[in-house]
1. Where residues in region 53-87 are closer than 12 Å to I34 by Cα and β-branched (V, I, T), which of them is nearest to the chain's Cα centre (by Cα)?
2. Residues that are among the aromatic types (F, W, Y) and modelled with pLDDT of 85 or more: list the strands (runs of 3 or more DSSP E) wholly contained in region 97-174 that include at least 3 such residues.
3. Please go through (1) at pLDDT below 85; (2) more than 29 Å from the chain's Cα centre (by Cα) for V90 and return the number of the only condition it doesn't satisfy.
Amino acid sequence: MRKMLLFIGVLLCFVQAKAQTISDVQAVQEGKTIKVTYVLSGLKSGQTADVYLYYSFNKGTTWIGPAQKVSGNVGKGIRNNGSKSIVWNVLDERESFVGNDIIFEMRALVSDVRSGSAASPVKDNQEDDDIFYTGVGYIANNQAKGFNLILGRQFIGADFGFFVTNPSGINISFLLMPNNFPASFDIGFGYYKRNKVSLDSKTDPEASFGSLGMTWFIRPSSSNKFVFWVQARYNILKMTTIYDTYSTPEDIGVTPFHFGIGIGAKTFRK
C-alpha cells in the first residue's frame, strides 16, 4: 500500500543569485498531492525561467529530481514575476513518501527569449550557500557609549564592542545564529575602566563581567541584502582575577544592561 507523509515541514525561505530570486517557498500536503508555492522575482523583459522541484530525504545531503508528475508553474518557459504554485502528484511517481528529514529545493535556469542565452541556475536552498554577516553599530548604557563591529559566517559570528567614553571598555561576544531564525544568541565577556574620580584616587576603578544577550536582525525586504539589528545584553556575573581587584559594573556606576543598534549586510556566496 502506498504511504504518504502526513505533515511536511519546509525550512527553505530565501536565496538570491545575481538579479533573480526564488523566495517564500512553502509546501503543504493536499490530499494525495503536495502543493509547493514560491515567489519568482527579478525577471527582466524578455526573460523566462525554467523551474524544477527537487527533494531530499536526508536534509540536503543528496538530492532527487527533478520531480516528474508535476503541474502548474513548473518546467520550461515560466514567465513574469510574482506568486507561483506547483502541484506534485507524488504517489504517481513514488510508492511512498515518508520521512522526518524531508526538505525541498527549487532550481531555476533563467533564459533570454530573444537570444536564447541562459544565465546561471537560481537555487532557493540556503544550506548550499556561504552566508556572511558584516556591519557596524552603536552601543550604550547609562554612562558608557561606543561602537561595535559584527562579523559572521554561516551559523556563528563575533561582536567586538568598544566603549570610548568614561568609563571606557570592551565587550566581546560570540553569536550563535540558527539558520532561518532572525535573531542570534550572544554570550561573552566585558571590561570597564573608569578614569580616576578624584586626585586622591590611587587607582582607576575597574570592573569585569560575563554577559548574555540577543541580537535581532531585520531585513527591509527579501530582495535586500542590507540588514538592521537591535541588540540587548545583560551582565550576568562578576569575573575576578587571582588578586580579586575587579568590582562589578554596578560598583562603578554602570547599569548591568547595554543596548545597541546597527546596520550591515547579509550576503550569500555560491
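1. Result: I86.
2. By residue number, 156-163.
3. Only one criterion is unmet by V90, namely (1).
The values are calculated or read from the model by the stated rules, or taken from the named source; none is laboratory data. Worth saying up front: this structure is predicted, and the values here are computed from it rather than measured.
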